[in-house]
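The block underneath contains the structure these notes are about, expressed in structure tokens.
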């Protein structure tokens, strides 16, 4: 079939297939090259491409003026403008002064028509010339992303002069204070939180009436919240994500927060050496987090994932809550006793069992910690059998158990019939190395099978590596 005879639907599919990977990787220069190539194939494809604004919507400020202007024209109301002040001037050291004078004006003259603006700022010269741009009216802007970290973008005044009525999504990585409370249309905010901005930032977020998605990114290894807080209420929040926060800062925040809508949670806690040095090392983060809501804590299922540098707990109920403990900063040299690590991990995985009425029926355990593989974190030094014994006995309501990864210890505990009095089904999947011995596991599986309860479904694959 001749290319020119293809239907518009087929041609659109071709366009999307050609651009899909570059869109996914946000390779804007490649998108521009591919889009212009497609538009030059024939008149029919060019007309179709020009009538599809999304194709031309990703625009870099540093492109040649002719290409940039054409993309702005063809993108219509879908224009999303990008500037990374470092990448844009790679191999162009002589153009810095010219760019400082030219590019802010290009953004400023188009900000009224942009749907999205993404700025990455690498020094104070750029922050000085770009700050005024963010005080101009932006009546069509829906998405704003700014990464300036410690460089001062003057955001003490209201962004876009209080004239950004459609701004729904912001992502701001800065240690400075940003005045946000006038942006009443905001529904999603991703913000860096640190010791320099935490009080003002949380107060600003609390004042936003439509804010449903909140993502707080802490600076790792820093006590982002060094002192206690007054109560903070995120009345409209339906999804809260906290990333990279140390235990002490995280617990201060969780103690202060109130979330009346029981939102979806994803909390990443950074474990430090101090996590193991207290007289009775524990981890109560899951309970503290779920107590932020006014509703009772309950769940139908739990998921545990044990990795060499990370422990993950997921709670499946009315919504999904995920808790991650990142152990990558703690080494075996920091660990006074392997039992301390085991105590902290066990308390994280069992803390919810102490909540009245918390009776999950489904448990999934993925064990990716191989004691034979080298690791610098103390998780490898734990007695996995002891850990699982402690965890399993805390959840007698479990009726269905799924096991993946290294299942040996779990199967051995089940064969001993010491836990899970209501257990009806076990589904286990594991991978054996070709030269490994699994005689003990076979013996335990045989004992469970002969007993007939619980019903065991066991699958294995053999790996030569």
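Please treat every number below as a calculation from the coordinates, not as lab data. Note that the coordinates shown come from a computational prediction; the quantities given were computed from them, not determined experimentally. Heads up, the Cβs are rebuilt from the backbone with ideal geometry, glycines too, and the neighbour counts pull from every protein chain shown.
Work out how much length residue 399 to residue 439 would gain on full extension: take 0.36 nm times their residue separation and subtract the Cα-Cα distance, in nm to one decimal. Display every interim value, and only then the final one.
Working: separation 40, 0.36 × 40 = 14.40 nm, distance 2.70 nm.
The residue 399-residue 439 span can extend by a further 11.7 nm.
Using a basic spin-label model with each label point 7 Å from the Cα along Cα→Cβ, how many nm lie between residue 376 and residue 238?
The answer from the label model is 4.3 nm.
Would you please calculate the Kirkwood hydrodynamic radius of the chain over all C-alpha pairs and express it in Å, rounded to one decimal?
Hydrodynamic radius (Kirkwood, Cα pairs) of the chain is 25.8 Å.
Can you tell me the relative contact order of the range 163-318? Whole percent, Cα pairs under 8 Å, sequence separation 6 or more.
Details: 292 pairs, mean separation 23.7, N = 156.
Averaging sequence separation for qualifying contacts and normalising by length gives 15 percent for the range 163-318.
Could you give the length gained on full extension between residue 203 and residue 187, defined as 0.36 nm per residue of separation minus the Cα-Cα distance, in nm?
Extra length from residue 203 to residue 187 when fully extended: 4.2 nm.
With an 8 Å Cα cut-off and a minimum separation of 6 or more residues, compute the relative contact order for the chain in percent.
7
Evaluate the distance, in nm, between pseudo-label points positioned 7 Å from the Cα of residue 169 and of residue 361 along their respective Cα→Cβ axes.
In this crude spin-label approximation the distance works out to 3.8 nm.
What is the extension gain from residue 274 to residue 455, computed as 0.36 nm multiplied by their sequence separation minus the C-alpha to C-alpha distance, in nm to one decimal?
Extra length from residue 274 to residue 455 when fully extended: 60.8 nm.
Based on the Cβ-Cβ distance from residue 447 to residue 29, what FRET efficiency comes out when R0 is 56 Å, to the nearest 0.05?
Details: r = 62 Å, r/R0 = 1.11.
The calculated FRET efficiency here is 0.35.
Just how many % of Cα pairs in the range 350-400 lie over 13 Å apart, if you round to the nearest whole percent? List each step's numbers first, then the result.
On the way: 832 of 1275 pairs.
Value for the range 350-400: 65 percent of Cα pairs lie more than 13 Å apart.
Calculated from DSSP H runs of 4 or more alone, at -39500 (n - 2.57) each and per residue, what is the 222 nm mean residue ellipticity of the chain, nearest 500? Kindly include the intermediate steps, with their values, before the conclusion.
Numbers: 13 runs with 140 residues, N = 465.
One gets -9000 deg cm²/dmol as the mean residue ellipticity at 222 nm.
Using a Förster radius of 25 Å, what is the FRET efficiency between residue 36 and residue 77 based on their Cβ-Cβ separation? Nearest 0.05, please.
0.75
Measure nothing fancy, just the Cα-based angle from helix 65-75's long axis to the longest principal axis of the chain, in degrees from 0 to 90, nearest 10.
With both axes taken from Cα atoms, the answer is about 70 degrees.
As an exercise, use a Förster radius of 41 Å and the Cβ-Cβ distance of residue 320 and residue 12 to find the FRET efficiency, rounded to the nearest 0.05. Numbers along the way, then the final one.
Numbers: r = 35 Å, r/R0 = 0.86.
After rounding to 0.05, the efficiency reads 0.70.
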